[in-house]
1. Report, by residue number, each residue of region 22-36 that is under 19 Å from PRO86 (Cβ atoms) and either over 13 Å from the mean Cα position of the chain (by Cα) or β-branched (Val, Ile, Thr) (or both).
2. Quick check on region 41-81: of everything there that is under 11 Å from the mean Cα position of the chain (by Cα) and at pLDDT 90 or above, which residue is farthest from ALA19 (Cα to Cα)?
3. Return the total of residues in region 1-18 being farther than 14 Å from VAL78 by Cα and within 13 Å of the chain's Cα centre (by Cα).
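The values are calculated or read from the model by the stated rules, or taken from the named source; none is laboratory data. In this text, all values refer to a predicted model and were calculated from it rather than measured experimentally. Cβ atoms come from the backbone with ideal geometry, glycine included; neighbour counts cover every protein chain shown.
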Amino acid sequence: MRVRNRLTRLRQPVTQRLADPDPQTCAWIWVLPVPDGRVRVARVEVPRRLVESGECFGEDDYVTSAPCLVDVDEVDEVVRACGGDPLCLESPWRNEFPL
């Protein structure tokens with residue numbers, strides 16, 4: 001319910017840091033409300049060297065899975081498909097989401 005309220009009432013994103021299967025990257029699930037009422041769900045992978053060094057980086061430096069635009073009721077299913085756990089979604093600053 002907390003995540004749903006953040007997405008629908010506050011119109012704020014939620015993220016989850018994933019276990020890093022690749023030692024060269026750090027990965028997150030990013031759930032972002034869009035103006036038409038749906039939410040965008042994507043997996044974002046950033047080179048570990050950029051995350052750990054604190055360097056500035058842009059869109060050319062990270063990989064984003066093809067984002068899905070879904071209704072808020074479908075978020076849990078899509079988050080699981082991206083390798084995440086819907087119960088672990090939280091505010092971006094709590095898991096060092098870099099974007």
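1. Those that are under 19 Å from PRO86 (Cβ atoms) and either over 13 Å from the mean Cα position of the chain (by Cα) or β-branched (Val, Ile, Thr) (or both): ILE29, VAL31, VAL34.
2. Within region 41-81, the first condition is being under 11 Å from the mean Cα position of the chain (by Cα), and the residues that meet it are 41-45, 64-65, 67, 79.
In the following step, the residues that additionally are at pLDDT 90 or above were identified as 41-45, 79.
Details: VAL41: 18, ALA42: 16, ARG43: 12, VAL44: 12, GLU45: 11, VAL79: 14 Å.
Only one residue tops the list, namely VAL41.
3. Count: 6.
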